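Only one structure is covered here, and it is reproduced in the block below.
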Amino acid sequence: MHIHAAGAADLDELIRLFAGYLQFYREDKPPAAIRVFLAQRLSRGDSVLFLARDPQGRALGFVQLYPFQASLALAPAWLLSDLYVVEAARRQGVGAALMNAARTHAENSGACGLQLQTAKSNLAGQALYERLGYVRDELFHTYWLDLPRPGGD
């Protein structure tokens, strides 16, 4: 398996993978909207995407990171926002390899840590995260305020 930082040349494969990720969380978005979203991330450089490929070059999964400042630590950190592995490649170490690529990137950038959240029902993901040393936060609750977006959707 090969993991590399994704670029514009990977966009079509990322769209397919991201659509699978959204389906996992029961979010239905058109491919054109996914393309715009991912193309903006890649062109603006406001996130980092890593792509896993098998020896034949087929895309198996991705992880997406966003930088932020951890105010309580007074240091930079990374939000591990998205992790997805195609169903046929699950339980073969792809998710762990992507998570380790994210960790290496965070360490190399001088970050104090990685933060992630997942669905309460994602037991396989939770087991992976805990196996890799992530600790579930028992002190803070996550809240979300849904805001209207210009132009709808």
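The values are calculated or read from the model by the stated rules, or taken from the named source; none is laboratory data. This is a predicted model, so every value here is computed, not measured. Every residue, glycine as well, gets a Cβ built from its backbone with ideal geometry; the counts of neighbours run over all protein chains shown.
Cβ-Cβ contacts under 6 Å between residues 6 or more apart (or on different chains), taken from a first residue in the stretch 1-16 that is over 17 Å from Phe37 (Cα atoms) and surrounded by fewer than 18 Cβ atoms within 10 Å (Cβ to Cβ) to a second residue that is at pLDDT 95 or above and among the charged types (D, E, K, R), are listed as His2/Arg53. Cβ-Cβ contacts under 6 Å between residues 6 or more apart (or on different chains), taken from a first residue in the stretch 95-106 that is at pLDDT 95 or above to a second residue that is part of a helix (DSSP H, G or I), are listed as Gly95/Leu128.
Let's see how each residue does on (1) under 18 Å from Tyr66 (Cβ atoms); (2) under 14 Å from the mean Cα position of the chain (by Cα); (3) not in a loop (DSSP other than H, G, I, E, B):
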residue	(1), (2), (3)
Gly95	no, yes, yes
Cys112	yes, no, no
Thr118	yes, yes, no
Ala127	no, no, yes
Glu138	no, no, no
Trp144	yes, no, no
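Checked against (1) touching a residue at least 60 places away in the same chain (Cβ under 8 Å); (2) exposed (fewer than 15 other Cβ atoms within 10 Å of the Cβ); (3) farther than 17 Å from Leu128 by Cβ, Phe68 passes all but condition (1). Counting the residues of the stretch 17-50 that are more than 20 Å from Ala119 (Cβ to Cβ), without any contact (Cβ under 8 Å) to a residue 12 or more places away in the chain and outside any helix (DSSP H, G or I) gives 2.
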